[in-house]
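Q: Submitted below is the structure of interest, expressed as structure tokens.
The values are calculated or read from the model by the stated rules, or taken from the named source; none is laboratory data. Predicted, not measured: the structure shown is a model, and the values here were computed from it. Note that we place each Cβ from the backbone using ideal geometry, even for glycine, and neighbour counts take in every protein chain shown.
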Amino acid sequence: MSLKRLFTDHPDSVGESYFEHMHVALSFAGPLLAAGLAALVHAFLPFLFLTTASRIVKRLHARMMNRHALPGPHEARERMLAWDPVI
């Protein structure tokens, strides 16, 4: 497998360029990091961040579930889902 394909096969499979896929992944990484930090603080100080982590995770889950099938000539590609950037 070529080095380029290591970076482009998966983004291509979901109908995104490398940089589009990076943007989507980073748009999840920030909120996930915030949720993790809120949960960590909540573990030690249970009166803080009562619903922060669960609210963030629910919002991200809704984003993931509101996806649409990609048009394409390959059966596998048609089954792949793409992120809806509008959410």
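Q: Being surrounded by 10 or more Cβ atoms within 10 Å (Cβ to Cβ), under 12 Å from the mean Cα position of the chain (by Cα), at pLDDT 95 or above and of a type in the set (V, I, T) is the requirement here; does V57 meet it?
A: So V57 fits the description; yes.
Q: Let me ask something else about it. Among all residue pairs at least 6 apart or on different chains, which show Cβ distances below 9 Å where the first residue, located in region 40-63, is at negative phi and the second is assigned to a loop (DSSP other than H, G, I, E, B) and of a type in the set (D, E)?
A: Correct list of pairs: R63/D84.
Q: Could you please find all residues in region 19-51 being surrounded by 11 or more Cβ atoms within 10 Å (Cβ to Cβ), of a type in the set (F, W, Y) and over 14 Å from the mean Cα position of the chain (by Cα)?
A: Of everything in region 19-51, just one residue is surrounded by 11 or more Cβ atoms within 10 Å (Cβ to Cβ), of a type in the set (F, W, Y) and over 14 Å from the mean Cα position of the chain (by Cα), namely F49.
Q: Here are some residues: P11, P31. Which one is touching a Leu at 6+ places or on another chain (Cβ under 9 Å) and at pLDDT 90 or above?
A: Checking each option against the conditions leaves just P31.
Q: List every residue pair whose Cβ atoms lie under 8 Å apart, where the two residues are 6 or more positions apart in sequence or sit on different chains, the first residue falls within region 1-14 and is touching a residue at least 40 places away in the same chain (Cβ under 8 Å), and the second residue, located anywhere, is surrounded by 15 or more Cβ atoms within 10 Å (Cβ to Cβ) and in a loop (DSSP other than H, G, I, E, B).
A: S13/M80; V14/L70; V14/M80; V14/W83
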